[in-house]
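The structure appears right after this line, and notes come after that.
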Amino acid sequence: MDRLTIERIGGFAGFGGSRLKSRGEVSLSDLAPADRDAVERLLADLPGSAAAQGGAAPRTGAADAFSYRLTVQSPDGPKTVEAPEHLVPSAVRDSVRDTLD
Amino acid sequence: MTYSCCLVPRDVLARLSSDPSLSATSRKAFLDTIQISHEMRDLRVQATRMTSVAFAHATALTALALAPSVTIYDCKGTQSLPGTPVPNPGKAADPAAKRVFGTTSEVAEFFAKVFGRNSIDGEGMTLMSSVHFGQRYNNAMWNGLQMIYGDGDGQIFVDFTAGTDVIAHELTHGVTQHSLQLDYSDEPGGLNESMSDCFGSMFRQWKLKQDVTQADWLIGADILGPAAKAKGFTCLRDMADPAGRHCLSPQPTLYAQVRPGMDPHAASGPPNLAFCTAAKTLGGKSWDQVGQIWYAALTGWGARPKTGMKDFAARTRQLAQTMYPGAPPVAAAVDAGWRKVGL
Ligand SMILES: [Zn+2]
């Protein structure tokens, strides 16, 4: 439940396709309390419901922004949510490394 | 005695001015009239020139007044927007700021001259861009209000401002937001991305004065870094060959391969190929006819956020007929484009 795996997807280049990846990993316990709270709020939400968080969705018409696919292991199996970049704490965003597969 | 210089032909006046049956005073009067007539004609010529010059200058002045302002900000490696204003960006010491200012101004000129559009919103909206966003940031984007450019990591990508097609791509997202207002998921998302690639590529071709055979139809060729090039990649996407091995982000080529939830940067493959095929089938400059049809479909249809690829194909086929009724090859080329991708 402590390990958070992160995949950055989208952007102008279309990360997350077959050849271009952006992945990272952090321990929730290593995050600052405020960042851990932010991640846990995202994980508590259903996928795609970030837009419901007080108007925090990207602006209408926005394009090419990154999203983050956040996954934790739970007793029921892996749980994954997708969140727009501006909702993801910088400590989590900065954990990813872009690679060519 | 008065004479109308405009009603009496010059040869009649000349004959009268030398008619010995007339008095010397009258002959002199006819001679003066010829002279006045000549001066009047010169005046008319001058007036015509004056009007023409004044009109040309007035048009230029109006165009200048309508050209949008271009502003550049520097995020200095942070993700705080918009960042610090760059004064006089056209002469900035920072190459990224100077480049974005120059290319953004040229994209505005492209939309104005080729499509008669004044800026993103058609009403002269200021074109605002931030450079040096984030650290080694491998992205460029449009956030609904402005363009944002990262420096790239120097390995997979270089500075995203290095791609003229990248800059035009981002600006076109703004145009889409202020016209068809396509959603950013599923088929409308793929079309949204395709609009940006089509106009991004057209701008690059227009700037390089290329016809459809000279164009490389690549997207992102100028922003690939050494690590990507070393692996044989030459572009992010290829509008002429979306699934090519040389593409860092290969795409499907057929409409039937587009799936719900697919990244719009993948789903844009079939409409990209349709546009490229139509333009290459017709020949000449991509922006002359096929580009005009795509622009009319994007901007002349009101807001239709849910437009799917079939709807868009039908719209461009219809526009090809109505915009170029005397040129059947145009409609045939558009039809060939969509048929190529199974639509
Ligand atoms: Zn885009």
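The values are calculated or read from the model by the stated rules, or taken from the named source; none is laboratory data. All figures in this text were calculated on a predicted structure; none of them were measured in a lab. So basically every Cβ, Gly included, is an ideal-geometry build from the backbone, and we count neighbours across all protein chains shown. These accessible areas exclude ligands, DNA and RNA; they are computed on the full protein's heavy atoms, side chains included. Shrake-Rupley method; radii C 1.70, N 1.55, O 1.52, S 1.80 Å.
Of all residues in the stretch A:1-21, how many are at pLDDT 90 or above and over 11 Å from the mean Cα position of the chain (by Cα)?
So in the stretch A:1-21, the residues at pLDDT 90 or above come out as A:3-21.
Those left that are additionally over 11 Å from the mean Cα position of the chain (by Cα): A:3, A:10-21.
So the count comes out to 13.
Do any strands (runs of 3 or more DSSP E) lying entirely in the stretch A:62-101 carry at least 3 residues that are more than 9 Å from chain B (Cβ to nearest Cβ), open to solvent by less than 40 Å² (accessible area, probe 1.4 Å) and under 26 Å from B:ASN192 (Cβ atoms), and which ones are they? Spell out the reasoning first.
Numbers: elements: A:66-74, A:77-84, A:97-100.
The strands (runs of 3 or more DSSP E) meeting that bar are A:66-74, A:77-84.
Among the residues of the stretch B:174-185, those that are under 16 Å from B:LYS306 (Cα atoms) and either open to solvent by less than 10 Å² (accessible area, probe 1.4 Å) or not aliphatic (A, V, I, L, M) (or both) comprise B:THR176, B:GLN177, B:HIS178, B:SER179, B:LEU180, B:GLN181, B:ASP183, B:TYR184, B:SER185. Within the stretch B:246-273, residues that are more than 10 Å from every other protein chain (Cβ to nearest Cβ) reach partners that are open to solvent by 10 Å² or more (accessible area, probe 1.4 Å) and of a type in the set (Asp, Glu) with beta carbons closer than 6 Å, at six or more positions or on different chains, in the pairs B:PRO260/B:ASP186.
Taking the condition of being open to solvent by less than 90 Å² (accessible area, probe 1.4 Å), part of a loop (DSSP other than H, G, I, E, B) and not aliphatic (A, V, I, L, M), how many residues in the stretch B:318-340 meet it? Qualifying residue count for the region: 2. Within the stretch B:176-195, being within 12 Å of the ligand (Cβ to nearest atom) and either without any contact (Cβ under 8 Å) to a residue 12 or more places away in the chain or within 20 Å of the chain's Cα centre (by Cα) (or both) holds for B:THR176, B:GLN177, B:LEU182, B:LEU191, B:ASN192, B:GLU193, B:SER194, B:MET195. Quickly run through the stretch B:136-146 and pick out the residues that are within 8 Å of chain A (Cβ to nearest Cβ) and within 20 Å of A:PHE15 (Cα to Cα). Listed by number, the residues that qualify are B:ASN138, B:ASN139, B:ALA140, B:MET141, B:TRP142, B:ASN143.
Out of the residues in the stretch B:255-269 meeting the condition of being away from the ligand (no atom under 16 Å from the Cβ) and closer than 16 Å to B:TRP338 by Cβ, tell me which one is surrounded by the fewest Cβ atoms within 10 Å (Cβ to Cβ). Taking the candidates together, the pick is B:ALA256. Answer yes or no as to whether A:VAL39 is under 13 Å from the mean Cα position of the chain (by Cα), more than 16 Å from the ligand (Cβ to nearest atom), assigned to a strand (DSSP E or B) and β-branched (Val, Ile, Thr). It is false that A:VAL39 is under 13 Å from the mean Cα position of the chain (by Cα), more than 16 Å from the ligand (Cβ to nearest atom), assigned to a strand (DSSP E or B) and β-branched (Val, Ile, Thr). Of the residues making up the stretch A:1-30, those that are touching a strand residue (DSSP E or B) at 6+ places or on another chain (Cβ under 8 Å) and away from chain B (no Cβ under 14 Å) are A:MET1, A:ASP2, A:ARG3, A:LEU4, A:THR5, A:ILE6, A:GLU25, A:VAL26, A:SER27, A:LEU28. Here the stretch B:272-281 is the region considered, the condition is being out of contact with any Phe, Trp or Tyr (no Cβ under 8 Å at 6 or more places or on another chain) and open to solvent by less than 50 Å² (accessible area, probe 1.4 Å), and the residue that is farthest from B:PRO329 (Cα to Cα) is B:ASN272.
Can you tell me which residue within the stretch B:62-76, out of those that are touching a helix residue (DSSP H, G or I) at 6+ places or on another chain (Cβ under 9 Å) and open to solvent by less than 80 Å² (accessible area, probe 1.4 Å), is modelled with the lowest pLDDT?
Among them, the one singled out is B:ALA63.
Return the total of residues in the stretch B:117-132 being within 15 Å of B:TYR73 (Cα to Cα) and open to solvent by 10 Å² or more (accessible area, probe 1.4 Å). Adding up the residues that qualify gives 3. Across the stretch B:230-245, the qualifying residues are those that are more than 11 Å from chain A (Cβ to nearest Cβ) and in contact (Cβ under 8 Å) with a residue 40 or more places away in the chain, and the one among them that is farthest from A:LEU20 (Cα to Cα) is B:ALA240.
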